[in-house]
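What follows is a short report on a single structure.
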Amino acid sequence: MSLNGWVLIALVFLAVLVVARPIGIYAARVLNGERTPLTPVLGPIETGLYCLAGVDPAREQTWRAYTLAMLVFSAAGFLLLYAILRLQAFLPLNPQGFGGVAPDLAFNTSLSFVTNTNWQAYGGETTMSHFVQMAGLTLHNFLSAATGIALAAAVTRAFARSGSGTLGNFWADLTRVTLYVLLPLSLIVALMFVTLGVPQTLVGAIDATTLEGAKQTLSIGPVASQEAIKMLGTNGGGFFNANSAHPFENPDAWANLLQIWAMLVVSAALPFMFGEMVGNERQGHTLLWAMGLLLIAGVGIVYWAETRGNPLLTALGVDPASGNMEGKEVRFGQAMTAMFVAVTTGLSCGAVNAMHNSLTPLGGLVPLFLIQLGEILPGGVGSGLYGILVMAILTVFIAGLMVGRTPEYLGKKIEAREMKLAMLAVLILPLAILGFTAVAAVLPSALASLANAGPRGLTELLYAYSSAAGNNGSAFAGLNANTPWFNTTLGIAMLLGRFAYVVPVMAIAGSLAAKTKVAPSTGTFPTTGPLFIGLLVGVIVILGGLQYFPALALGPIVEHFLMLDGKSF
């Protein structure tokens, strides 16, 4: 590790924080239906969309109606994208002449993009036409991200309101987030990517002459527009198979910095939005501190593990001076690779600028564990906020039991109903991750897809189902996931991770919104400040450790000790 590397990491975090607060406050105003600087331009479009859809934005919904609207919208999006993928050969803007996508892959990909997972069991430039990339995948990059933010806003209103039976209007929230937040930011970031050399064209490919004089065909297309929302919406679905390690998606160090910044900025803004909407900015700051501390720790461990190098490669004569550079782009370096690895998995983004299967065992353990913590550091756009709010509810309940104080959060009493629903939500992820991994680990057809045996092979399986259920979408690499088994089971894991998780969370929101706020008293446990931040971090880490440590011990942890002993699988 180097001082320059740490300074660069710190500067990127600082650049995120500088704009996160104003974006968060702006998002709160948008979701509250207040006038913004973009209202004169976008207001007529918003009104027109409501008229076309027959939506009254002032008509609020109960938690059941809000959740049902979200589920129906997502189901319709899944069916539409599935049809587009299957009928690709008959649709326009297909200069490559690609045929329709196989049913199991279309099922997996449709669920992947609708759930904001963006897991890709295919090579983008060899499978998807420009029409599918734009009208199918990029469209859902916007809509799945907007859905997550809308859900976070609904949960936030549960804490902001007192004795209310409603949580807002899903259709209004979805429209406003897309129009006023995601579209303007994506336009700015896409233009910045074009300036840095990312292609934005409807041409299918160009022919290039190599240094040896040979001819090479290079796939290109509307990359910059997809790249912008891929990062801002924490989607992660790359235009190319190599994702952000591809020089057309991520041309140089400046583009890499912009990608990391874009990944973080909206998710980091949402705690500020939360503080603004509940009328107490310190509450948002507390959540962001907890997120930030764990994420910075993750960056530091990956940076340390990778710069130490791999003793197995050193024994083969590889110079250890630059650390473990296997699978990494020289143009990014160790510091920005480590930061990208931790950020993309602390978020639910899944974009990669290095192949995670090439990380050292401890370097690979960190992104795996960050996903398993629930994608809350700071998590996906929206999903990270309502995910850490579930952890905050668990924390105040545990703290109340420990010190004999009333379990309250923002004036709302946390009672048996909320705790049962919170535990139901928390148990969804380990059920999907560990359940499917256990079956795949003894299924011959699933084991045939592994590139490695032993602990590394188990890590490949564990990472795949963690990535799917956590709606992350990054791949450990080494696993051939484009098979009927993996396309189907990973798709089901994505479905459970997104919707089976959020339904009990919305039920919690409905229960809390209906409660009358109580004024803080001497028996109220404070939910701001270092003490609560420490407790929240502790609950997150301990809960994650209790659920996943046995599986991690059989995978990356035992592999680390084998590596130190000079053994490899």
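Taken together, the values in this text are just the output of simple stated rules run on the coordinates, not laboratory data. Everything numeric in this text was worked out from a predicted model, so none of it was measured. So basically every Cβ, Gly included, is an ideal-geometry build from the backbone, and we count neighbours across all protein chains shown.
Miscellaneous remarks
- Cβ-derived FRET efficiency at R0 35 Å, M1 paired with A205, nearest 0.05: 0.30
- Dimensionless Rg over Rh [the stretch 453-532; C-alpha; Kirkwood]: 1.25
- Tensor-based shape of the stretch 352-400 (alpha-carbon gyration tensor, a/c under 1.5 rounded, otherwise prolate or oblate): oblate
- Think of each Lys and Arg Cβ as +1 and each Asp and Glu Cβ as -1; about the Cα centre, that makes the dipole of the chain roughly 1400 debye.
- Total formal charge among the other residues, if their Cβ is under 10 angstrom from that of K413, Lys/Arg +1 and Asp/Glu -1: 0
- Separation of alpha-carbon centers, the stretch 383-441 and the stretch 168-247, rounded to whole Å: 36 Å
- Under 16 Å from K515, Cα to Cα: lysines that are on another chain or at least 8 residues apart: K412, K413
- With viscosity 0.692 mPa s and temperature 37 °C, the Kirkwood radius over alpha carbon pairs of the stretch 481-569 converts through Stokes-Einstein to a diffusion coefficient of 181 µm²/s.
- Per-pair calculated FRET efficiency, R0 = 22 Å: V72 and T47 via Cβ, rounded to 0.05: 0.45
- Helical content of the chain, expressed as a calculated mean residue ellipticity at 222 nm, amounts to -20000 deg cm²/dmol (DSSP H runs of 4 or more residues, -39,500 (n - 2.57) each, divided by residue number, nearest 500).
- From the largest down, the stretch 250-350 spans 60, 27, 18 angstrom on the principal axes of its Cα atoms.
- Exposed GluC sites (Glu not before Pro) absent: longest stretch of the chain, with sites in DSSP loops and at most 16 other Cβ within 10 Å deemed exposed: 35-211
- Convex hull projection area averaged over all views, the stretch 256-298, Cα basis, nm²: 3.1 nm²
- Local electrostatic count at F397 - Lys and Arg +1, Asp and Glu -1, tallied over other residues with Cβ under 13 Å: +2
- Within the straight-line cut-off of under 14 Å between alpha carbons, the aspartates and glutamates reachable from K567 are E559, sequence neighbours fewer than 8 places apart in one chain being disregarded.
- Our summary gives the chain a relative contact order of 20 percent, counting only alpha carbon pairs under 8 angstrom and 6 or more residues apart.
- In the stretch 371-433, the inverse of the mean reciprocal separation of distinct Cα atoms equals 12.4 Å; this is its Kirkwood hydrodynamic radius.
- The structure-derived value of Kirkwood radius over Cα pairs in Å appears in the list (1) 29.9; (2) 23.9; (3) 25.2 under the label (2).
- Diffusion coefficient (Stokes-Einstein, Kirkwood radius over C-alpha pairs, 37 °C, 0.692 mPa s) for the stretch 314-431: 195 µm²/s, rounded to a whole number.
- Listing S348, S449, S225, S144 from fewest to most neighbouring C-beta atoms within 10 Å gives S449, S225, S144, S348.
- Reach of K230 by Cα under 24 Å, taken over lysines that are not fewer than 8 positions away in the same chain: K328
- The simple spin-label model puts a point 7 Å past each Cα toward its Cβ; for S445 and V18 those points are separated by 5.4 nm.
- For I188 and L8, the FRET efficiency from 1/(1 + (r/R0)^6), where r spans their Cβ atoms and R0 equals 22 Å, is about 0.45.
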